[in-house]
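Engineer: One structure, pasted below without further comment.
The values are calculated or read from the model by the stated rules, or taken from the named source; none is laboratory data. What you see is a predicted model; the values in this text were computed from it and never measured. With ideal geometry, Cβ positions are generated from the backbone for all residues, glycine too; neighbour counts draw on all protein chains shown. Keep in mind that these areas ignore ligands, DNA and RNA; they rest on the heavy atoms of the full protein, side chains included. Shrake-Rupley method; radii C 1.70, N 1.55, O 1.52, S 1.80 Å.
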Amino acid sequence: TTTTDKTYHHPTDRQFARALGSAAPVESAAYAAFSQAGVHRSDGLIQPKVRVLSARGVALTTQCAYCMDTHTAAAQKLGVTREELAEVVYITSALCAGAAAAHGMLAMKLFAHAEAAAVKTSPV
């Protein structure tokens, strides 16, 4: 891929990671250390397989193609099965739907507030 290729989310886009890190080296190093401690740590209380499945679920939620690629490959290396990966997909889907329902409740509350405000300002 060249810099003139405008295809989005292509695997070769990873070649630009070095350029991104070089442009902000302090932030890049901090991000790498944070990612290592949060996701790739092997000596924590949460086992690496659970960590990578959690990361995979978040990648689904954020819809980051590069994260999905990275965490799916890491999951496979850690012995995650297709069935476990599929369960993570549906757990994530259920939680996303739950979040939409929760925000739906907030929407109803805000609608009620808007209705109340409209009644108060009504010229009748």
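Engineer: Is there any pair linking a residue in the range 96-108 that is under 23 Å from VAL58 (Cα atoms) to one that is among the hydroxyl-bearing types (Ser, Thr, Tyr), with Cβ under 9 Å and at least six apart or on different chains, and which?
Structural biologist: The qualifying pairs are CYS96/THR61; ALA99/THR61.
Engineer: Those residues that are under 17 Å from LYS49 (Cα atoms), in a helix (DSSP H, G or I) and either touching a Lys or Arg at 6+ places or on another chain (Cβ under 6 Å) or open to solvent by less than 100 Å² (accessible area, probe 1.4 Å) (or both), I need them from the range 71-121; list them, please.
Structural biologist: Residues satisfying the conditions are HIS71, THR72, ALA73, ALA74, ALA75, GLU84, LEU85, ALA86, VAL88, VAL89, ILE91, THR92.
Engineer: Residues ARG56, ARG18: which one is out of contact with any helix residue (DSSP H, G or I) (no Cβ under 6 Å at 6 or more places or on another chain) and assigned to a helix (DSSP H, G or I)?
Structural biologist: ARG18
Engineer: Taking the condition under 23 Å from ARG14 (Cβ atoms), surrounded by 13 or more Cβ atoms within 10 Å (Cβ to Cβ) and modelled with pLDDT of 90 or more, does ALA37 pass?
Structural biologist: The answer is no for ALA37.
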